[in-house]
Amino acid sequence: MNQPQVTLDDRTTMPQLGLGVFQVPPEDTEQVVAHGLAAGYRSIDTAARYGNEAGVGAALAASGLARDEVFVTTKLANPDQGYDSTLTAFDASVQTLGLDVVDLYLIHWPCPGRGETLNTWRAMEELRAAGRVRAIGVSNFLPHHLAELLDAAEVRPVVNQIEVHPYHQQKELRAFNAEHGILTEAYSPLGQGAVLDDPVITGIAGRLGRTPAQVVVRWHLQLGNVVIPKSVTPSRMAENLDVLGFELSAADMAAIDGLDRGARIGFHPDLFNGYPEDFEEGSPARTGVAAG
Ligand SMILES: NC(=O)C1=CN([C@@H]2O[C@H](COP(=O)(O)OP(=O)(O)OC[C@H]3O[C@@H](n4cnc5c(N)ncnc54)[C@H](OP(=O)(O)O)[C@@H]3O)[C@@H](O)[C@H]2O)C=CC1
Ligand SMILES: O=C(O)C(=O)[C@@H](O)[C@H](O)C(=O)CO
């Protein structure tokens, strides 16, 4: 299938549309990813924290696809930040995935309370120099986290994977990424389903004979985002991929742009450090969610 590709700043290319596997139970992941690959996905987004890297690797191995046909992203878990611990965690991830090389390795959260960003990044740069990862990037970084990193980095992050959907569009952060040659990769791109009943989106979908999810995925592609919708449902996986045969008009794009309300679903990147207490109801990291 002819899918759009984006060129990362360091000349690596990646598919603009991929399959996310957050919250896919480990025991189901091989089958889910196998369905995704059969549907035509050629980019899979996982993370050490998801606990399902083994299923991703098993599906890749069973697929018969050549290694360079599928782009694999995984992420360093927050407790593993630090120079030595990053190298050890990376070894564990590739072993679990059953791969020699990861296409994109991301720092999962900035975790400002841990104070390990620069040590972690030095290890990521070394992994890239050694050819063990093709590209390195970050996730959930706000401009001030990026500024600290860009000041010290020898290799700049090529991707910042952040929450973006019609109700939380992050226009300033996307502009900051673009200014610094960092590609925005949109996570929770469907707002975990929350935006699919919006009348503006259902209205556009009805007029174009498309589904709400297709309209939202198409909106991301036209913004230039890399987009990684998650689904465990084969028909939805296929639907989310079938977005190349239509285009949103400037008026439709503007109507969706108008839906932004700063409604963050995930943790606040300044407040979340990945400690157990951050996950508890009422923690500052979660209060920050409500505060946007
Ligand atoms: N870096 C980070 O911190 C984060 C990264 N991510 C990444 O982003 C990916 C996507 O984000 P995620 O949070 O999972 O949420 P999404 O916005 O992708 O939404 C997923 C939800 O939408 C449903 N869905 C998918 N397609 C359709 C469709 N066509 N019609 C109706 N419902 C649909 C899915 O249901 P079902 O599966 O039952 O079909 C699921 O409930 C993650 O899997 C992960 O890879 C996500 C969060 C944080
Ligand atoms: O899905 C992810 O990648 C996330 O980071 C969060 O949504 C999730 O809560 C988590 O893993 C926090 O570490």
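Of all residues in region 98-114, those that are away from ligand 1 (no atom under 15 Å from the Cβ) have Cβ atoms under 9 Å from Cβ atoms of residues that are assigned to a strand (DSSP E or B) and of a type in the set (A, V, I, L, M, F, W, C), 6 or more apart or on another chain, in 99/72; 101/72; 101/133.
Of the residues in region 80-98, not one is hydroxyl-bearing (Ser, Thr, Tyr) and closer than 22 Å to residue 227 by Cβ. Name the single residue that is nearest to the chain's Cα centre (by Cα) among those in region 79-107 being buried (at least 21 other Cβ atoms within 10 Å of the Cβ) and closer than 18 Å to residue 269 by Cα. Here the residue is 106.
In this structure, does residue 5 turn out to be open to solvent by 10 Å² or more (accessible area, probe 1.4 Å), farther than 18 Å from residue 239 by Cα and either within 16 Å of the chain's Cα centre (by Cα) or within 16 Å of ligand 2 (Cβ to nearest atom) (or both)? Yes, satisfied.
For region 124-142, check the following and say yes or no: at least one residue is within 16 Å of ligand 1 (Cβ to nearest atom), assigned to a helix (DSSP H, G or I) and open to solvent by less than 10 Å² (accessible area, probe 1.4 Å). Yes, region 124-142 has at least one match.
Of all residues in region 184-199, those satisfying the criterion of being among the aliphatic types (A, V, I, L, M) and in contact with a helix residue (DSSP H, G or I) (Cβ under 7 Å, 6 or more places away or on another chain) are 186, 190, 195, 196.
At least 1 residues being within 8 Å of ligand 1 (Cβ to nearest atom) and over 30 Å from residue 143 (Cα atoms) is the threshold, and among the helices (runs of 4 or more DSSP H) wholly inside region 183-269 those reaching it are 212-223, 234-241.
The values are calculated or read from the model by the stated rules, or taken from the named source; none is laboratory data. This is a predicted model, so every value here is computed, not measured. Using ideal geometry, Cβ is built from the backbone for each residue, glycine included, and neighbour counts are taken over all protein chains shown. The protein model used for the area step is the full one, side chains on, heavy atoms only, and it has no ligands, DNA or RNA in it. Shrake-Rupley method; radii C 1.70, N 1.55, O 1.52, S 1.80 Å.
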